[in-house]
1. Of all residues in region 117-132, how many are within 26 Å of Lys77 (Cα to Cα) and among the acidic types (Asp, Glu)?
2. Select from region 154-173 the residues that are within 21 Å of the chain's Cα centre (by Cα) and surrounded by fewer than 18 Cβ atoms within 10 Å (Cβ to Cβ) and list them in ascending order.
3. So is Glu174 in contact with a helix residue (DSSP H, G or I) (Cβ under 7 Å, 6 or more places away or on another chain), under 23 Å from Glu63 (Cα atoms) and not hydroxyl-bearing (Ser, Thr, Tyr) or not?
4. Filter region 109-140 for residues that are acidic (Asp, Glu), loosely packed, with under 15 Cβ neighbours inside 10 Å and under 19 Å from Glu157 (Cα atoms); which is modelled with the lowest pLDDT?
Amino acid sequence: MCPTVNFRLKICGYKLILFQLKNKCTKKSPEVFVLHLHFFRIFKRKKSAMENTISQEVALVKEVFSNIRKELETFMKDRNFNMSNHQIFVFLTHAPAALAIASDGRVDVEEMKILDRMAKAIDVNKLDIDLVELLSFAAEPADVMTNEEFNLRIGSELLYLSRNLDKYEKNILEAIKQLLRFDKNPEADTSLTKTFSKLMDSIIENNASLNKEKEKEKLDQFKQKIGL
């Protein structure tokens, strides 16, 4: 759940209990008054702690996406592919596949089929709404493409990236590395770190390439630069 949503739910819960205690205090019960005072102090401390946590996470989102936009600026300009924050998130979570496909320096027919199948399954509209809300805290330009256009183009853009990785490699690797700053527990199976690593390995394993050793060697270099 998005931290801002979770925060609101918790605060509403605390306020409801405080309201109930306050009503009981109208009976002039000293015991209930003490309980009300004690709970109010707990509420203030928890509220302050949650506000600090949210403030830190929002600051992280703003910093990370500011850095990512700088790294992707050339690619988006070259391709006239101006993405929103949540579109960037989807693009970068699939970019490791493009890295794996480009690892032997060429893109063959089978690799194109892999990208095509993957692209057909992408729908940015299905991104978790809590994540979309969190990413909305970061600045983005007003003239971003629609989600429909993004869904139509994501496959061709990943293919273009695979074929022209030499030009964008440094920036893409750094953008992915920035995204991994959201990983609070990189060792967890559901973390971005593990997901990216598994995606890249899967591309190599399912690719009938004659240069698997070369691909694996290059893939290891990519992983090391990203921090996987």
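The values are calculated or read from the model by the stated rules, or taken from the named source; none is laboratory data. As the structure is a computational prediction, the values presented were derived from the model and not from experiment. Cβ: placed from backbone, ideal geometry, glycine included. Neighbour counts: every protein chain shown.
1. So the answer is 1.
2. Glu169, Lys170, Asn171 - these are the residues of region 154-173 that are within 21 Å of the chain's Cα centre (by Cα) and surrounded by fewer than 18 Cβ atoms within 10 Å (Cβ to Cβ).
3. Working: in contact with a helix residue (DSSP H, G or I) (Cβ under 7 Å, 6 or more places away or on another chain): yes; under 23 Å from Glu63 (Cα atoms): yes; not hydroxyl-bearing (Ser, Thr, Tyr): yes.
Judged against the criteria, Glu174 is a match.
4. For region 109-140, the residue satisfying everything is Glu110.
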